[in-house]
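Derivation of every value follows stated rules applied to the coordinates shown; laboratory data play no part. Nothing here was measured: the structure is a model prediction, and the numbers come from that model. Using ideal geometry, Cβ is built from the backbone for each residue, glycine included, and neighbour counts are taken over all protein chains shown.
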Amino acid sequence: LAKTTQPISMDSYEGQEVNITCSHNNIATNDYITWYQQFPSQGPRFIIQGYKTKVTNEVASLFIPADRKSSTLSLPRVSLSDTAVYYCLVYSGGYQKVTFGIGTKLQVIP
Amino acid sequence: DVKVTQSSRYLVKRTGEKVFLECVQDMDHENMFWYRQDPGLGLRLIYFSYDVKMKEKGDIPEGYSVSREKKERFSLILESASTNQTSMYLCASSLFASGIGAYEQYFGPGTRLTVT
């Protein structure tokens, strides 16, 4: 299983764009890069997934360079409600034994 | 909407008791998972199951067992609860991806277990 490394915490002011980078040097050919968001006292929820280049949805964008050894989650114009822990995961299908790790705690400041 | 429910939000048990945590999903998912979450340690996988009566150990299976008799239900069992098993327990489910690609996991609300 590919191991991921991401910052433990980040602070941002409201209205700013936030970029959280995750490194996954030993990503396998079949692995997808998936990000989850967790609010306090709730389970994580899926926000975005990609394989290569760029993926965008209504919540975030995910940028993946050609070598796929890292990825960047981009949250446009964050608000206080984006304060959460963000997890970067790398895994493929099949038995899906995945590792969430500690994640990145994002604190949005008014 | 996928719904994953857990039997209790809060549970207090005594050391040595046998504890059952129940999880039910309503979307016919093949995969089910049990995690525990502790401050500073993140989310750690205890066990997962990819089919009825099938189970695989996660990263921290010691002190736990699981049961999956029906597709929609996955139980976590603490045979003899100890204080170091005080934690938030989260259940999740997902489809089984047979090829490349990975289906998202849907989480329940969690059970905060305190062992005294």
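Around the amide H of A:SER70, modelled in the peptide plane, lie the amide H atoms of A:HIS24, all under 5 Å away and 5 or more residues distant in sequence or on another chain. Note on chain A: Cα Rg divided by 2.2 N^0.38 Å, N the number of residues, gives 1.02. Using the Cβ-Cβ distance between B:LYS57 and A:LYS52 with R0 set to 22 Å, the FRET efficiency from 1/(1 + (r/R0)^6) comes to roughly 0.10.
Using C-alpha pairs below 8 Å separated by at least 6 residues, the relative contact order for chain B is 36 percent. Expressed to the nearest 5 percent, the antiparallel share of DSSP beta bridges inside the protein assembly as shown is 90 percent. The orientation-averaged projected area of the convex hull spanned by the Cα atoms of chain B comes to 7.1 nm². The listed peptides A:55-61, A:20-26, ordered by packing as a protection proxy, come out as A:20-26, A:55-61 (highest mean of other Cβ atoms within 10 Å first).
Taking the convex hull of the alpha carbon positions in the protein assembly as shown and averaging its projected area over all directions gives 12.1 nm². Of A:LYS3/B:LYS13; B:LYS13/B:LYS53; A:LYS52/A:LYS105; A:LYS69/A:LYS105; A:LYS3/B:LYS53; A:LYS54/B:LYS53, which sit over 31 Å apart, Cα to Cα? Exceeds cut-off: A:LYS3/B:LYS13; A:LYS54/B:LYS53.
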